[in-house]
Ligand SMILES: *[C@@H]1O[C@H](CO)[C@@H](O)[C@H](O)[C@H]1NC(C)=O
Ligand SMILES: *[C@@H]1O[C@H](CO)[C@@H](O)[C@H](O)[C@H]1NC(C)=O
Ligand SMILES: *[C@@H]1O[C@H](CO)[C@@H](O)[C@H](O)[C@H]1NC(C)=O
């Protein structure tokens, strides 16, 4: 009886279908987080002199089209159609109530003229550019203070041509922080779907100070050795839902952030209500990451049904002294990992500082972390949890985790310090800091 009641309650919390008297939970999706907008007004980049030959600069065409959408302000918004072809352009801004629609075979390609790339102010929660002091290059496709924006189509491509930027990073000739491929700041009701993102100069998709953002059915590709090409980085944002995507880049696939040390603490905007599901991908760094910039706090994150292969670390929660911020109520479940240096890592000593003014007493708090139903093979080290002596990680709950080694069932043991919590059915067994609770199924952490 209790089982039936709880399954109905669980089902009501999701979406249910009643079929032949059986209760069948529907597949959870991001639907409903942003209302779908249908645009009656449609224009094409060709109406603004667009040339899709891969050589002609289309900056004026994109800026004029967006200007037209902003100032004519048609009821229900406007769809900007990009037909098949390669449309080279400099960075441009979007506006509210617009859909950027990439047809099958459409490519919006970033110019490699880095010298004329527009600069914008640093993010207040970072205090400076992430990699260089001062301002930062504007993202290739940018939105600030917008709402009701959709980037979609028939899997056309947004191509950052990032190799010139990666080489500047490698040669240490970058003057300012590299541009993200797509960034929305202070925006809400954003949908990004059915688009391929390729060769971003820096992070691929960066919603910062945003709410109600959906990213689904995207493909994000960058070479394995491309520096800092994170896939999707929700940053000081809430109600972000990411699903059904393939990401293979040179850095973390999805990394939830919220600002950097004293600047992030002062700005005080957390990331919350973040859902990540049905993501497949590969990276030399992390699959699902929280951090390392988490100074505004990261709370209420659910990541589930994640498939990772050829990875650095499967699941990585990372923060540092000076960060401050609370990382709390994080659930990661149903993860498959094939071939990784490490399965699970939770650490309090990761990442650099913006400057010397960070507060060494600003210790992060990490608690209520549940990681369950993880299966991996060819994983060199199962995991490590390194808390902080003066701020131990608490209520860390691991259950039903099987991480097999490369050539034998055994791999390097877990290492732990300054952590408490519980473990149930974890193989290899984690560490004595985590108590075993002799229940099957759900891990219940004593508190
Ligand atoms: C884009 O918008 C920002 C403000 O959000 C503004 O500072 C910048 O001048 C605009 N850039 C271009 C190229 O239109
Ligand atoms: C676009 O790609 C997604 C997968 O990311 C796929 O589900 C969808 O069918 C594709 N759409 C088209 C029009 O090719
Ligand atoms: C924990 O986060 C989940 C989302 O992952 C949310 O549904 C739940 O309400 C949160 N719990 C608390 C106590 O805030």
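A few comments on the model shown:
Residue by residue, here is whether (1) touching a strand residue (DSSP E or B) at 6+ places or on another chain (Cβ under 8 Å); (2) surrounded by 17 or more Cβ atoms within 10 Å (Cβ to Cβ); (3) assigned to a helix (DSSP H, G or I) holds:
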| residue | (1), (2), (3) |
| --- | --- |
| 36 | yes, no, no |
| 60 | no, no, yes |
| 66 | yes, yes, yes |
| 71 | no, no, yes |
| 74 | yes, no, no |
| 87 | yes, yes, no |
| 104 | yes, no, no |
| 109 | yes, yes, no |
| 117 | yes, yes, no |
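- The set of residues in the range 124-179 that are within 16 Å of ligand 2 (Cβ to nearest atom), in a strand (DSSP E or B) and within 20 Å of the chain's Cα centre (by Cα) comprises 150, 151, 152, 157, 158.
- Residue, nearest to residue 230 (Cα to Cα), within the range 240-250, restricted to residues that are away from ligand 3 (no atom under 16 Å from the Cβ) and crowded, with 24+ Cβ neighbours inside 10 Å: 249
- A Cβ distance below 7 Å, combined with a sequence gap of six or more or placement on separate chains, defines the contacts here; from the range 143-166, residues that are in the same structural domain as residue 178 (by TED's automatic domain parsing) reach residues that are at pLDDT below 95 in the pairs 148/37; 150/37.
- Selection of first residues in the range 177-196 that are on the phi > 0 side of the Ramachandran plot and touching a residue at least 40 places away in the same chain (Cβ under 8 Å) and of second residues that are surrounded by fewer than 24 Cβ atoms within 10 Å (Cβ to Cβ) and in a strand (DSSP E or B), restricted to Cβ pairs under 7 Å at least 6 apart or on distinct chains, gives the following pairs, ordered by first then second residue: 186/144; 189/147; 189/148; 189/212; 194/152; 194/153.
- Counting the residues of the range 234-249 that are more than 16 Å from ligand 2 (Cβ to nearest atom) and without any contact (Cβ under 8 Å) to a residue 40 or more places away in the chain gives 3.
- When 306, 371, 337, 321 are checked against the criterion of being within 22 Å of residue 203 (Cα to Cα) and either touching a residue at least 40 places away in the same chain (Cβ under 8 Å) or under 18 Å from the mean Cα position of the chain (by Cα) (or both), 306 stands alone in meeting it.
- Check on residue 265, out of contact with any helix residue (DSSP H, G or I) (no Cβ under 9 Å at 6 or more places or on another chain), crowded, with 23+ Cβ neighbours inside 10 Å and modelled with pLDDT of 95 or more: no
The values are calculated or read from the model by the stated rules, or taken from the named source; none is laboratory data. Note that the structure is a prediction, hence the values are computed from the model and not measured. A quick note on method: Cβ atoms are made from the backbone with ideal geometry, for glycine too, and the neighbour counts reach across all protein chains shown.
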